[in-house]
Amino acid sequence: MQFGYFTLSDNHYRDNARSANQLIADILDEAVYAEEVGLNSAWIGEHHFSTLGVLSCPDLVLAQVAARTTRIRLAPAVTVLPLHHPIRVAETWATLDLLSGGRVDFAAGRGYDRREYGPLGASFEDNQSVFAEGMEIVRALWASDGPLSYRGRHYRFDDVAITPQPVQRPIPAYVASFSRPSIELAGRLGCNLIVAPFAAAMTFGGLAQVAASYRESCSRHGNPPGRLMCSYFLHFADNAAEEAAARARQVRYYQECAIAAFPGDLATAPPSYRYFVEIVDRLGKVRPQDLSENSVLLGRPAAIVETLKKVAAAGIDEVILYVNVGLKPHLQVKDEMARFMAEVAPQFAGGTGR
């Protein structure tokens, strides 16, 4: 099992003196540092209009990371595909794949924050079918050796070929999933899958059940299962005071930052997002003592190793670590990244990427 760096650039907190520009500079430094300490990948989220996160262009930040590194994999977490034309998305990430020497992993999803859709003129209600068509187009353009034509419900074009072509043929593609329809899409398209453990526990019962559902979907559509990834929040704590502070930081993230981004109102959430209503209800009531291994790695290295052994047993190929969360100081983030790679990752085959 491998490990990567992950962030959604959360900065929407009360009494927050950290500017968006400062956080983005920190993220760039952390992503470059991820290669130095031996992490396998850097996954950087896309958010708009200072909603949950403040980084709107992960492709540009990852281009900077590519220029300063030689090995680490580079990925959006995720491209909110219905906000962009898929031809442009295919061009952007093919170009980064070329510039990085074939180090891009591409991940896409629908997102979940209606506030990001309106100003860009995109349909939040119809984004499930828009996303499915967009993912088909992006991957087809990367695979095609000549002009491609497409006739769908949302996109239509004739004789399009993109330049440059990616170095990787194909670029590894992931569908980000909180729900069964997204897993079904990944299986139908033959894509890899990336999930959040807390959603997996609520919707399926756990990561092992997600893995089984994904494999079944791939088999039904005649595709071999690909890589399966998940994200985890990470907080080291060596004593009771540090643990209390880490738990409070995580709860603050949920209640001040995440909840407002989720479609949690049954009256306004589109049918394909109804499962978020329960997620929002649970997160609104969560207490520090309620945090569990379903979403958070918290404590001493030995405890974190034991949780990750269960994750590996469930069939997860890579865990991406959300360390810079809840206004955690930048130097502490880097210390925890280094500590994880020194004290936790060596317990897993493939855990260190040096």
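Here, each number is a calculation from the coordinates, and none is a lab measurement. Since the structure is predicted, the reported quantities are computational estimates derived from the model, not experimental observations. A quick note on method: Cβ atoms are made from the backbone with ideal geometry, for glycine too, and the neighbour counts reach across all protein chains shown.
Residue-wise HN-Hα couplings along segment 122-130, as the Karplus relation 6.51 cos²θ - 1.76 cosθ + 1.60 with θ = phi - 60° gives them from phi, are 9, 8, 6, 5, 9, 6, 5, 6, 4 Hz; Gly and Pro carry x. Our summary gives segment 78-151 a relative contact order of 44 percent, counting only alpha carbon pairs under 8 angstrom and 6 or more residues apart. Within a straight-line Cα-Cα reach of under 16 Å, residue 328 can be paired with the following aspartates and glutamates, leaving aside sequence neighbours fewer than 8 residues apart in one chain: 10, 15, 26, 29, 30, 242, 243, 256, 336. Each residue, residue 49 and residue 36, gets one label point 7 Å from its Cα in the Cβ direction; the gap between the two is 3.7 nm.
Please give every one of the lysines within straight-line cross-link reach of residue 334, meaning a C-alpha to C-alpha distance under 30 Å, and leave out same-chain neighbours fewer than 8 residues apart. Once the sequence-local lysines are set aside, what remains near residue 334 is 309, 310.
Rounded to the nearest 10 degrees, the angle from helix 207-220 to the longest Cα principal axis of the chain is 10 degrees. Oblate is the label for segment 72-175, because the ratio a/c of its alpha-carbon gyration tensor axes (a ≥ b ≥ c) is 1.5 or higher and a/b is not greater than b/c.
Placing +1 on each Lys and Arg Cβ and -1 on each Asp and Glu Cβ, with no other charges, gives the chain a dipole about its Cα centre of roughly 420 debye.
Derived scalar couplings between HN and Hα for segment 109-115 equal x, 8, x, 8, 10, 4, 5 Hz in order, rounded to whole Hz, by the Karplus curve 6.51 cos²θ - 1.76 cosθ + 1.60 (θ = phi - 60°), x for Gly and Pro. Packing order of peptides 100-113, 232-245, 307-320, highest average first: 100-113, 307-320, 232-245 (average count of other Cβ atoms within 10 Å over each peptide's residues). How would you classify segment 191-274 from its alpha-carbon gyration tensor, with a ≥ b ≥ c the square roots of the eigenvalues: rounded for a/c under 1.5, else prolate if a/b is greater than b/c, otherwise oblate? Since a/c reaches 1.5 but b/c is at least a/b, the shape of segment 191-274 is classed as oblate.
Relative to one another, the C-alpha centroids of segment 1-76 and segment 278-297 are positioned 24 Å apart.
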